[in-house]
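The values are calculated or read from the model by the stated rules, or taken from the named source; none is laboratory data. All figures in this text were calculated on a predicted structure; none of them were measured in a lab. A quick note on method: Cβ atoms are made from the backbone with ideal geometry, for glycine too, and the neighbour counts reach across all protein chains shown.
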Amino acid sequence: MFQKFGITNSILKTVAVTLLVGVGYEANSKEGMWLPPTLKKKEADMKAMGLEIPIEKIYNADGTGLNNAVVLFGKGCTGEIISGNGLLLTNHHCGYGTVQGISSREKDYFANGFWAMNTQEELPCPGLTVTFIRKMENVTDLILPGIADTLPDDQRNKLIEGKIKALEKGYRYTTKLDATIKPYFNNNQYWVIISETFKDIRLVGFPPNGIGQFGGDTDNWMFPRHTGDFSMFRIYAGADNKPADYAAANKPYQTKDFFTINIGGYKENDFTMVYGFPGTTKQYISSYQLKQIDQIIDPISVSLRTIKLESWTKDMTASRDVFLKYTSKRAGVANAWKKWQGEMRGLKINKVFDKKTNYENGYQQWAISDQTYAFDDNVLSNILANTTKANAALKAETYINEAVMGIELIAQASVLDKMVKILESSLPDHQKLDSVKKFSAAIQAFYKNYDANTDKNLFAVLMPAYMKAMGGATPDYYKKELAAYGQDYTTWAQDIYAHSLVADKSKMTALLNNLSIADAATLQMDPAWKLYNAIIDYRAKKVLPILASFNKNMNYYNRLYMKSQMTAHNNDIYPDANLTLRVAYGNVKGIDPDGPATYAFQTNLDEAIAKDNPMVDEFKVPQKLKDLHLAKDYGRWAIKDSVYGATVPLAFIADNHTTGGNSGSPVLNKKGQLIGTNFDRIWEGTMSDLYFDPNLCRNISLDIRYTLFIVEKFGGAGWLLKEMNLATQ
């Protein structure tokens, strides 16, 4: 079509690629979550920015790379090994759920902290795991040859799954380790990950909330920041130094691969690396999908979580028992709630939609001129049509997940539903009863952190938010029940919680202890089951079919879109995060997103003390820390500050590309030495999950010197420092 204007395909393609790179995913030296085995192609850039160690030291498959000192902590955080005896450092908020499981009113580690004074005092953490990545290998050429790009996903996936299963089995046999093959670039590339998981993990050090959660929701996603967000654990192994289930006789894991800790500090513009397990990003989605996030998912989720947090906070403030039950859950809800607000703000002030649109215009010109693929001309128009059809269903799904299923009584009724299905199944009666009784442990665990009155109060405010927003697009059962209670949500809630088994631990326990086949009818009469069944039925008929079609089509179109983008950028782009090992690099860098001035890139203890407010839990500094500050008892961790004189460095920011999952990641200097622990991003930069701008995006890290100051001077656990390798240069 362009030939009639005298423009050849080759000229058009050159112009299009220039436009594409100029407004889209340019090779910005500070952007990217790079797979460690691919870092060789970034070596020149990293060296130019200050890196002094060989790339092979960062990662290698010979067992001598820094990758052997980075771990996946639990199911969604990062940790780092800081001694040859398996001592592990991560974030306070990463250890929060585990510590809640071993804390109690009598042993309130959130209020008082915990510090082991020797290995015998370290506390077992049931269920916690730590995973090392021993090797990563690109196996795309063993999986995709012979499989057409345009093959429908159901057929394509079946072929790929067979190959993956066989390859994983082979790698497990040859390596004697775990082997998992994961997709990258929207299923256009595959890597095998060889790993080793340890299951005996013990708590070593945990500062109280007055340090580890200082600033709470108010300061979350903000800078300047003064949160001592760290905790310490230790990995234990069997007699052969290999993974083993918990046993008192297990010994601390012995390793030669651990980080040297640099206590000499850093300055602005110094080179930094973040090594960890970023969770999820969507850097390459279209502007149409981005609008779904910005205009549907994020605002609805924020509004409903605002209601939930206000309701929970009121009850947590009134009762310490409720606080202990809900503090970890509340932290999880609040974390995403505030992040999404920053994400929307960052997209707006950075004009990301304009940039996306410009990029897509360039892509479309490139696609028309490109002769490699027949599908890329229409892929964006197909994405637009598909997203438009799904917007109403996406709204409904977001309200159901955040409002209806955000009420614990309704969400927990899913267990009742499973019990009903088993009791009404064709299994022999004794098998039915045995199967249902297996739910007992999970049900009892639920009640450990559940308060029926708190949940009832939440029902009375979340349910009206759902019903009023969705209007007639709600289950008929809900409409009838609300009408029966005179449109009074409080009365409706009181009746439900007075009669539901889910709201009463003793009733539920009694039912399980005296279970019979006839109890299937009892469970189906329960108000919680009725609410759950009604919403699940409505969702299955009215919402999920639309979303299933949407997701199926989007998986297909996004895969093709990603395939052509990889070609357009000569494969010099990084894959979206998927909770696998990555390296990001940049510089220590201050910022002020709202004006010409810059934030100081570093905060200190004096600033934290200045925020102390004994009347507000979020800003209540522990008395011992105030005493240390008053006496200027900082030991070797003191630095000179032009304003405060002697103080202790606390947190700093850099322009590394991070996301959720990078919590707890080691922050390294040019020598690969540990200078801090990543724990957050600034509010305006949370859009980096969707679009990274080095001028606006900053990661926040805890200075390792503050960590060691708290361990030694506040916690009195200086014995731990003796097993670390400390360096000043």
Output for segment 345-355, where each listed residue is touching a residue at least 60 places away in the same chain (Cβ under 8 Å) and either out of contact with any Lys or Arg (no Cβ under 9 Å at 6 or more places or on another chain) or in a loop (DSSP other than H, G, I, E, B) (or both): Arg345, Gly346, Leu347, Ile349, Asn350, Val352, Lys355
Every residue from segment 179-196 that is over 21 Å from Leu560 (Cα atoms) and either crowded, with 18+ Cβ neighbours inside 10 Å or touching a Phe, Trp or Tyr at 6+ places or on another chain (Cβ under 6 Å) (or both): Ala179, Val192, Ile193, Ile194, Ser195, Glu196
Evaluation of Asp270 against (1) modelled with pLDDT of 95 or more; (2) surrounded by fewer than 18 Cβ atoms within 10 Å (Cβ to Cβ) (one fails), failing number: (2)
Condition broken by Trp115, with the remaining ones in (1) surrounded by fewer than 19 Cβ atoms within 10 Å (Cβ to Cβ); (2) at pLDDT 95 or above; (3) of a type outside the set (A, V, I, L, M) satisfied: (1)
Matching entry among Tyr275, Tyr236, Tyr288, Tyr246 (being more than 20 Å from the chain's Cα centre (by Cα) and crowded, with 23+ Cβ neighbours inside 10 Å): Tyr236
Matching residues, segment 500-521, being among the acidic types (Asp, Glu), under 35 Å from the mean Cα position of the chain (by Cα) and buried (at least 17 other Cβ atoms within 10 Å of the Cβ): none
Identity of the residue in segment 86-136, over 24 Å from the mean Cα position of the chain (by Cα) and part of a helix (DSSP H, G or I), that ends up farthest from Phe230 (Cα to Cα): Gln120
Residue match in segment 489-499 (condition: within 35 Å of the chain's Cα centre (by Cα) and touching a residue at least 40 places away in the same chain (Cβ under 8 Å)): yes
Test set (1) in contact with a Leu (Cβ under 6 Å, 6 or more places away or on another chain); (2) over 26 Å from Thr658 (Cβ atoms) - Lys314 fails condition number: (1)
Checking Ile300 against (1) assigned to a helix (DSSP H, G or I); (2) over 30 Å from Tyr556 (Cα atoms), the condition it does not meet: (2)
Residue selected from segment 417-440 under the condition assigned to a helix (DSSP H, G or I) and without any contact (Cβ under 8 Å) to a residue 40 or more places away in the chain, by the criterion farthest from the chain's Cα centre (by Cα): His430
Qualifying residue in segment 449-467 (condition: touching a helix residue (DSSP H, G or I) at 6+ places or on another chain (Cβ under 8 Å), of a type in the set (D, E, K, R) and in contact (Cβ under 8 Å) with a residue 60 or more places away in the chain): yes
Among the residues listed as Asn157, Asn186, the single one being of a type outside the set (Asp, Glu), in a loop (DSSP other than H, G, I, E, B) and at pLDDT 95 or above: Asn186
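The rows are residues; the columns are (1) closer than 25 Å to Val583 by Cα; (2) surrounded by fewer than 19 Cβ atoms within 10 Å (Cβ to Cβ); (3) touching a strand residue (DSSP E or B) at 6+ places or on another chain (Cβ under 7 Å); (4) without any contact (Cβ under 8 Å) to a residue 12 or more places away in the chain.
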position: Leu696; (1), (2), (3), (4): yes, yes, no, no
position: Ile700; (1), (2), (3), (4): yes, no, yes, no
position: Asp703; (1), (2), (3), (4): yes, no, yes, no
position: Tyr706; (1), (2), (3), (4): yes, no, yes, no
position: Phe714; (1), (2), (3), (4): no, no, no, no
position: Ala717; (1), (2), (3), (4): no, no, yes, no
Whichever residue in segment 291-324 is crowded, with 19+ Cβ neighbours inside 10 Å and among the basic types (Lys, Arg) and, among such residues, is nearest to Met344 (Cα to Cα): Arg305
Filter result (in a helix (DSSP H, G or I), within 16 Å of Ala503 (Cβ to Cβ), of a type in the set (A, V, I, L, M, F, W, C) and under 23 Å from the mean Cα position of the chain (by Cα)) within segment 387-416: Ala411
Positions within segment 237-289 being touching a Lys or Arg at 6+ places or on another chain (Cβ under 6 Å) and among the aliphatic types (A, V, I, L, M), in sequence order: Ile263
Listing of helices (runs of 4 or more DSSP H) fully contained in segment 453-553 that carry 1 or more residues being among the hydrophobic types (A, V, I, L, M, F, W, C) and closer than 30 Å to Val436 by Cα: 489-499, 505-513, 519-524, 527-538
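For every residue, the table says whether it meets (1) part of a loop (DSSP other than H, G, I, E, B); (2) modelled with pLDDT under 95; (3) at negative phi.
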site: Tyr599; (1), (2), (3): yes, yes, yes
site: Lys626; (1), (2), (3): no, no, yes
site: Asp633; (1), (2), (3): yes, no, yes
site: Ala651; (1), (2), (3): no, no, yes
site: His657; (1), (2), (3): yes, no, yes
Qualifying position, being of a type in the set (S, T, N, Q), part of a helix (DSSP H, G or I) and modelled with pLDDT of 90 or more, among Asn587, Asn613, Asn578, Asn558: Asn558
Of all residues making up segment 681-701, the number that are in a strand (DSSP E or B) and out of contact with any helix residue (DSSP H, G or I) (no Cβ under 9 Å at 6 or more places or on another chain): 2
Residues satisfying the stated conditions in segment 112-158, i.e. among the aliphatic types (A, V, I, L, M) and without any contact (Cβ under 8 Å) to a residue 24 or more places away in the chain: Ile147, Ala148, Leu151
Count - residues of segment 295-328 that are charged (D, E, K, R) and modelled with pLDDT of 95 or more: 6
Tally, over segment 640-658, of residues that are surrounded by fewer than 24 Cβ atoms within 10 Å (Cβ to Cβ) and among the β-branched types (Val, Ile, Thr): 2
The listed residue being out of contact with any Ser or Thr (no Cβ under 9 Å at 6 or more places or on another chain) and without any contact (Cβ under 8 Å) to a residue 40 or more places away in the chain, out of Asn551, Asn555: Asn551
Only one of Gly238, Gly264 that is more than 30 Å from Arg636 (Cα to Cα) and at pLDDT 95 or above: Gly238
Counted residues, segment 187-224 - those being closer than 30 Å to Lys169 by Cβ and acidic (Asp, Glu): 2
Any hit, segment 66-81, residues being within 21 Å of Asn587 (Cβ to Cβ), not in a strand (DSSP E or B) and not acidic (Asp, Glu): yes
Failed item, numbered, when Pro593 is tested on (1) modelled with pLDDT under 95; (2) outside any loop (DSSP other than H, G, I, E, B): (2)
